[in-house]
């Protein structure tokens, strides 16, 4: 990442969005509810994917800046935890209302920095408000339980926040990924140090300006702009007790190692995918075409759960292919604010180069290029949605995550065959099944190795439902009640009432000063 040195007095800039509106944008690091310069004075440029030209210079965080952010988060931790849980919930609810109020400006920056059509960015921001509102409701409902397993014991569990948590988010869904991580962390009573992607820092900086307006106390949320080195400092920091990362599997492995090498911090990883989209002969074909199309081409294919391996049963393969290509022919690749645009640019020149390399490999290895595959224009990073047929399992376009608008169409005959193909990957983030047979849908949902299974739909991620992967697609879950467990720790207390102690010690019960050490064993019998 190229860097520049800038005067520390310049912490905001004016940017012109695609709608023609000028917005004043903070460009500093957000620490302790203030925008501050990086201690080194370094900055970097963020680029408009639709033009390839710089939008703004933002501060770049180094190790010393991460230390500052952790100091602020630690200082705020006790006060945030001591707030009544319902008060934390009210503050998150206030923030969600402010996000709703500023939807237009947040979406305009998301579209400008990421390249997605403006209407998609608006949908994203509305979803962000929904996530904060959902976890606002959770804040005062987090608790342990009394375990009444022996009348002579008073035993209970207590749920506590982890402490200072580090979070690293990707560029494909900047604000949604921020919400998925920050909202449950705050609801549980943690404080946050979050790094945005160096490719898309702008909308998060704008959201930071809303935190003081929502009366979120200083130090509770600290947001840093920076690249890989900034993320490494967060993952290695000895006073950060948990790390949450969304990104590639390769980087996820590095994050996990750094977390282990530093202080064995708690880890959640939402990583890559090569998700199967399975269409049976009895499927509603129009619905299946629409769901598969969105499943792979939404966000120009830059989606960790993209259903890029489309398996179609032989009885409908030819007709499905015809309808799918027809739908592809209706796509409009263009600038984000054009109301006719269905697909914007990919994020940058590196991503464009990677995608076109995969397309060349598919052709070299003998797959049939049924549609697309061509870069459009020379300004910005636009490429046609692409479809390959006659794809075989050994091809790289079939096995590797492309993270772009490229789909593989594969014919199958039986449930057993397609289940083997669907599971024949080290990824296991998501999957979809398209059928009108409820029994088949249930069998396939049980058999496919994926953390999320959609039936007759795709890309539905409501905040109430957990999201995460199997195998090399990650560890842990985001969203839903499951995310609460990722941002808390639980301890057990077992108290032996004084009158009962003599009985327990006489019978050689394992105990010491009213505390016992326990082990949990769960056994599932063969059925």
Yes/no for residue 457 being touching a helix residue (DSSP H, G or I) at 6+ places or on another chain (Cβ under 7 Å) and under 19 Å from residue 361 (Cβ atoms): no
Residue 508 passes all but one of the listed conditions (1) modelled with pLDDT of 90 or more; (2) loosely packed, with under 12 Cβ neighbours inside 10 Å; (3) assigned to a loop (DSSP other than H, G, I, E, B); the exception is number (1)
Filtering the range 223-240 for residues that are buried (at least 24 other Cβ atoms within 10 Å of the Cβ) and farther than 19 Å from residue 263 by Cβ leaves a count of 4
Picking from 137, 143, 127, the residue that is at pLDDT below 95 and under 28 Å from the mean Cα position of the chain (by Cα) would be 143
The condition from (1) touching a strand residue (DSSP E or B) at 6+ places or on another chain (Cβ under 6 Å); (2) free of Cβ contacts under 8 Å to residues at least 40 places away in the same chain; (3) over 23 Å from residue 485 (Cβ atoms) that residue 232 misses is numbered (1)
For the range 472-505 the number of residues that are modelled with pLDDT under 60 and touching a helix residue (DSSP H, G or I) at 6+ places or on another chain (Cβ under 8 Å) is 1
Of the residues in the range 428-447, those that are touching a helix residue (DSSP H, G or I) at 6+ places or on another chain (Cβ under 8 Å) and surrounded by fewer than 22 Cβ atoms within 10 Å (Cβ to Cβ) come to 440, 443, 447
In the range 179-200, is there at least one residue being touching a residue at least 12 places away in the same chain (Cβ under 8 Å) and out of contact with any helix residue (DSSP H, G or I) (no Cβ under 9 Å at 6 or more places or on another chain)? no
Exactly one of 372, 366 is free of Cβ contacts under 8 Å to residues at least 40 places away in the same chain and either within 24 Å of residue 174 (Cβ to Cβ) or not assigned by TED's automatic domain parsing to the domain that holds residue 113 (or both), and that residue is 366
Here is a check on your reading of the model: is residue 64 surrounded by fewer than 18 Cβ atoms within 10 Å (Cβ to Cβ) and either within 24 Å of the chain's Cα centre (by Cα) or assigned to a helix (DSSP H, G or I) (or both)? yes
The condition from (1) without any contact (Cβ under 8 Å) to a residue 40 or more places away in the chain; (2) over 19 Å from the mean Cα position of the chain (by Cα) that residue 122 misses is numbered (2)
*asked:* Here is a check on your reading of the model: is residue 345 out of contact with any strand residue (DSSP E or B) (no Cβ under 8 Å at 6 or more places or on another chain), over 15 Å from residue 408 (Cα atoms) and crowded, with 23+ Cβ neighbours inside 10 Å?
replied: no
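Here's the yes/no breakdown for (1) under 17 Å from the mean Cα position of the chain (by Cα); (2) surrounded by fewer than 21 Cβ atoms within 10 Å (Cβ to Cβ); (3) part of a strand (DSSP E or B):
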site	(1), (2), (3)
177	yes, no, no
193	yes, no, yes
204	yes, no, no
215	no, yes, no
* To do: Check the range 125-133 and report whether any residue there is outside the structural domain of residue 349 (by TED's automatic domain parsing) and farther than 19 Å from residue 484 by Cα.
  => yes
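The values are calculated or read from the model by the stated rules, or taken from the named source; none is laboratory data. Since the structure is predicted, the reported quantities are computational estimates derived from the model, not experimental observations. When we count neighbours, we look across all protein chains shown, and the Cβ atoms used for this are built from the backbone with ideal geometry, even at glycine.
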